[in-house]
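Engineer: Quick one: this structure, given as C-alpha cells, is what I'll be asking you about.
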Amino acid sequence: MKLSQFHSLLRDEFGDGLASVLLSDTRLTEFSDLTPRQLLDAGEEPRIVWLAICRSQGVPKERWLGKNKPKRHAD
C-alpha cells in the first residue's frame, strides 16, 4: 500500500478532521503506544499501520480495504 492510499482510506473512513486526530493522537497498544504518525515516520509499512488503526477503532472487517463505492459505468 502506498502512503497516498493509506491517507485516502483514513479520510474515507473517518473524515478529514478525525483522520488528522487519529494519525497524530491515537496510541496503538500493539505498537508500544506509538501513534500512527510515529510508526510511519519510523518506516513502518502503511498497510500494517492502517490495519492496526482499523482494529483499534473497531472498523468492520468488510471496510478494511476501503468503503464499497458504486461502480461507475462508461458513457
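The values are calculated or read from the model by the stated rules, or taken from the named source; none is laboratory data. Being a predicted model, the structure only gives us computed values, none of them experimental. Cβ placement follows ideal geometry from the backbone for every residue including glycine, while neighbour counts extend to all protein chains displayed.
Engineer: Filter region 26-42 down to the residues that are assigned to a helix (DSSP H, G or I) and either surrounded by 15 or more Cβ atoms within 10 Å (Cβ to Cβ) or modelled with pLDDT under 95 (or both) and list them by number.
Structural biologist: Passing the criteria: T29, E30, F31, P36, R37, Q38, L39, L40.
Engineer: Could you run through region 1-25 and say how many residues are without any contact (Cβ under 8 Å) to a residue 24 or more places away in the chain and assigned to a loop (DSSP other than H, G, I, E, B)?
Structural biologist: So the count comes out to 0.
Engineer: Residues in region 43-53: is at least one without any contact (Cβ under 8 Å) to a residue 60 or more places away in the chain, of a type in the set (D, E, K, R), part of a loop (DSSP other than H, G, I, E, B) and surrounded by 15 or more Cβ atoms within 10 Å (Cβ to Cβ)?
Structural biologist: Yes, the conditions are met somewhere in region 43-53.
Engineer: Next question. Applying the selection to region 24-55, what residues are under 11 Å from the mean Cα position of the chain (by Cα) and among the small types (G, A, S)?
Structural biologist: A52
Engineer: In region 1-25, what residues are surrounded by fewer than 17 Cβ atoms within 10 Å (Cβ to Cβ), acidic (D, E) and within 17 Å of K67 (Cβ to Cβ)?
Structural biologist: Those that are surrounded by fewer than 17 Cβ atoms within 10 Å (Cβ to Cβ), acidic (D, E) and within 17 Å of K67 (Cβ to Cβ): D12, D16.
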